[in-house]
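Step one of this worksheet: look at the structure below.
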Amino acid sequence: MKYLCLAYEAEQDLKSLSREDWLALRQETLDYVAALRERGELLDTQALQSPARARVARVRDGKRSVTDGPFAETKEQIGGYFLIEARDDEHALEIAANWPSARIGGIEVRPIEVELREEGRY
């Protein structure tokens, strides 16, 4: 099964890390990514730029509107994602819990919907 894992982080928590701590966390993450890829469990991963760079597009009554910044005021924002292949929910949670930034943020784990169902989205 495929799962999308969203890494939630408080930007301030990352900014407050010393350079040494940041480099250690970064290297630990790169090593974990390599291990997951080697095992065939990681399909894709990307970090996202700061929420300050985010823009939200909406269309209402045929008119587009764009707002700057994150959609909601929250302490944690999505810092990146990783798409994994796991045996089941428990295995997916195990992979997510071992993602290094889970120690300073949270990892949301969501199964991929294989096809958009005709009877309804949810």
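Compute the longest continuous run of the chain that contains no exposed trypsin sites (Lys or Arg not before Pro); treat a site as exposed when its DSSP state is not H, G, I, E or B and it has at most 11 other Cβ atoms within 10 Å. Don't jump to the answer; show the numbers that get you there.
On the way: sites that count: 39, 75, 87, 117, 121.
Between exposed loop sites, the widest span is 1-38.
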Quiz item: With charges set only on the Cβ (+1 for Lys and Arg, -1 for Asp and Glu), what does the dipole of the chain come to about its Cα centre, in debye to the nearest 20?
Solution: 680 debye
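Mind giving me the FRET efficiency for residue 22 and residue 114? R0 is 41 Å, r the Cβ-Cβ distance, nearest 0.05 is fine. List each step's numbers first, then the result.
Numbers: r = 38 Å, r/R0 = 0.92.
Efficiency computed from Cβ-Cβ geometry: 0.60.
For the stretch 64-119, run through the chymotrypsin sites (Phe, Trp or Tyr not before Pro) and keep only the ones in DSSP coil with at most 16 other Cβ atoms within 10 Å of their Cβ.
Values: sites: 71, 81, 82; in loops: 71.
Here the sparse-neighbourhood loop sites are 71.
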Exercise. Could I have the simple spin-label model distance between residue 68 and residue 10, label points 7 Å from Cα toward Cβ, reported in nm to one decimal?
Key: 2.5 nm
Practice problem: Give the cross-link partners of residue 15 among the lysines, using a straight C-alpha distance below 21 Å as the criterion and excluding same-chain residues fewer than 8 apart. | Solution: 75
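Compute the projected area of the convex hull of the Cα atoms of the chain, averaged over all viewing directions, and report it in nm² to one decimal place.
Details: hull surface 38.6 nm².
That works out to 9.7 nm².
Here, each number is a calculation from the coordinates, and none is a lab measurement. Treat the numbers as computed from the prediction; the structure is a model and nothing was measured. No Cβ is skipped: glycine too gets one built from the backbone with ideal geometry, and neighbour counts run over all protein chains shown.
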